[in-house]
Every structure is written in structure tokens, then in C-alpha cells.
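Structure first, then comments.
The values are calculated or read from the model by the stated rules, or taken from the named source; none is laboratory data. It should be emphasised that the depicted structure is a prediction, and the values quoted were computed from it without experimental measurement. Please note: Cβ atoms are built from the backbone with ideal geometry, for glycine as well, and neighbour counts cover all protein chains shown. Only protein heavy atoms, including side chains, enter the accessible area calculation; ligands, DNA and RNA are left aside. Shrake-Rupley method; radii C 1.70, N 1.55, O 1.52, S 1.80 Å.
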Amino acid sequence: MKKLSVFVSLLFFSGLVKAQTDEVYLTSGDTLIGKIDILLPADYYEEIMVKTGNEKRRIKSFQMLGFKAGDNVYKIIKFGNKYRIMEELVSGYLGLYRFRTDNNYDFGSRFLYKVTNEGMEVPNITFKKAVANFVSECPSVQAEVKNKTYKVSNIEEMIRAFNNCINEKPLVIAEVKEKEKQVVKASKELELIKTIAKKLESESISEELSTLLSDLEAKISKGENVPGYLTGALEENTKEFNSVNKEVKKLLDLLE
């Protein structure tokens, strides 16, 4: 009877571990382990709920790089007015993803995305023209899009051909790696963010504000545009900290 009890306990523990093997990769570099629920998207962000034991935590899309839920892999990609949760269908230099539109729960639209941060929604009507231009790095693949060898129906085959073509061009890969090693350039915006972070070291700030500052710094360093919802979040989350009000106002003015 004792052996049976131990066996049942082991089965329960095994099931518990299995249920909590989802992983969230935060922009801070940390990884969270738990059970992930993907929530309905909002107008300016998407989010997930991570359950660990009896604790629940909401993580917004701009706080993550991506996550793994069950057998599915998700990447956070900026498209339109927000960072979206996109399900990975095909990985590689050029990847294929599914995402949600019009605040729907269903991942019903498809998205092409390169490691160079270039992306586009997969069109139906203008597929030949739009996609041919998007895959111009490989003239052979581009030609087969134009002559309709590759269409919406066999887009995954086109992606594999494109990635094989890119892999045969070391120079292109070298250029991509060089972009990933971009040197951070000093700017007034970066100096202000560093000043704000320094002044807030002695304050009890939320993890969301800490992540927000890191995300702003990363975007400005890469020369990316800072979306309005991020500047709005910064203004809202720093209202109570009088020590940085002056710097926050300057930063917001520069980012307008």
C-alpha cells in the first residue's frame, strides 16, 4: 500500500512538472517557467498570463522576446501599432508566423519576417507583386514568385527555397551578423534614460517600469522609433517619482 502511495505521488509530481514547462523569455534576459495562457489582445499591446504554483503574473508583449507554450514557439514582432504575439510556423533567415488581427483570439493571419527585422503580412490579392519584391535578395526565388511557381498555397516551399539561397551567400549572412553587433551610439535620449535609471536605483520601482526603461534604451540604441504607447507608459509609471519628473519630461519632448 505504501509503494502504491509513493507511485501515485510520483505520477502527480511528474504531471505537475510537465504542466509547468512553458517558458517565457523576458527582455531583461530572465526566463520564467510556468503554465502560459495567451490572453485576448488589447488595442496597444498583447499579453499572457503565467501561472507558477499559486501565483499568477501578467506579462505584456513589450516585456518579452518570446515564449514557448507546449509544442508551439511564439515570437514578439512589431507590426502596426503594437508588439504582437506571433506563432512560429517556419523558422530561419526568413520565417513564417501567424498572428491575430482586429483584437481576435484566433491566430488567423500570416506574416513573413526576416532576421533583419523586415516583415510583411502575407497578402492574397497582391501576393505576386508584394512577395516578389520582398524576396529580391534571391533572384531565382523572385523569378519563381513572378511566374507563379510559388503562390499563397505553397508559401512554405518558397520560404525553404529562399533560406537555402541565403545560406549560400556568406556575404549576406556576414552583413546580418554585423548589424546584430551594432555599436550603441551616445545620444541625449540615452543619457536621459541612464540618468532616470540612476536616480530610481534607491526607489522601490516595479519590474514593469524597470523593463520599460530597458526596452526604451534598446530601441533608441538601435535607431528604432519609439511607439506612443511606450512613452505613455513611461509618463504614467513615473508620475509618483518626483526626482525624475524633469528628466522624463525632457525625454518625452525629444521622443515626440
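Taken over the range 206-256, the convex hull of the Cα atoms encloses 70 Å³ per residue.
Each 5 Å bin from zero holds the following percent of Cα-Cα pairs in the range 18-120: 3, 13, 25, 26, 20, 11, 3, 1. Rounded to the nearest 500, the 222 nm mean residue ellipticity of the chain from helices alone is -13000 deg cm²/dmol, with -39,500 (n - 2.57) taken per DSSP H run of at least 4 residues. Cross-link reach is defined here as a Cα-Cα straight distance under 16 Å, omitting same-chain residues fewer than 8 places apart; for Lys250 the aspartates and glutamates meeting it are Glu189, Glu191, Glu217, Glu235, Glu236.
Take Met120: with every protein chain present and a 1.4 Å probe, its accessible area is about 30 Å². Between Cys165, Thr27, Ile220, the Cα set farthest toward the positive side of the dipole of the chain (charges on each charged residue's Cβ, about the Cα centre) is that of Cys165. The GluC sites (Glu not before Pro) found in the range 54-127 that occupy coil by DSSP, while having at most 15 further C-beta atoms within 10 Å, are Glu118.
Each of Asn245, Val73, Tyr83 was placed along the dipole of the chain (beta-carbon charges, centred on the mean Cα), and the one lying farthest toward the positive end is Val73. Contact order normalised by length for the chain, with contacts defined as Cα pairs under 8 Å and 6 or more residues apart; what percent is it? The normalised contact order for the chain reaches 11 percent. Projecting the Cα positions of Gly119, Ala197, Tyr45 onto the charge dipole of the chain (unit charges on Cβ atoms of Lys, Arg, Asp and Glu, taken about the Cα centre) puts Gly119 furthest along the positive direction. Label-to-label distance, Arg57 versus Ile125, with points set 7 angstrom from Cα along the beta-carbon direction: 4.5 nm.
If only the Cβ of Lys and Arg carry +1 and only the Cβ of Asp and Glu carry -1, the dipole of the range 64-128 around its Cα centre is close to 160 debye. State which entries of Lys114/Lys146; Lys78/Lys249; Lys75/Lys239; Lys68/Lys199; Lys51/Lys82; Lys219/Lys249 exceed 28 angstrom in Cα-Cα distance in the structure shown. Cα-Cα > 28 Å for Lys75/Lys239; Lys68/Lys199; rest within.
Matching the structure-derived Cα Rg over 2.2 N^0.38 Å against the labelled list (i) 1.09; (ii) 1.22; (iii) 1.14 gives the label (ii). Could you state the number of Å between the C-alpha centres of the range 118-172 and the range 70-93? Distance between centres, Cα-based: 19 Å.
Here r is the Cβ-Cβ distance between Asn133 and Glu203 and R0 is 45 Å; the resulting FRET efficiency, rounded to 0.05, is 0.35.
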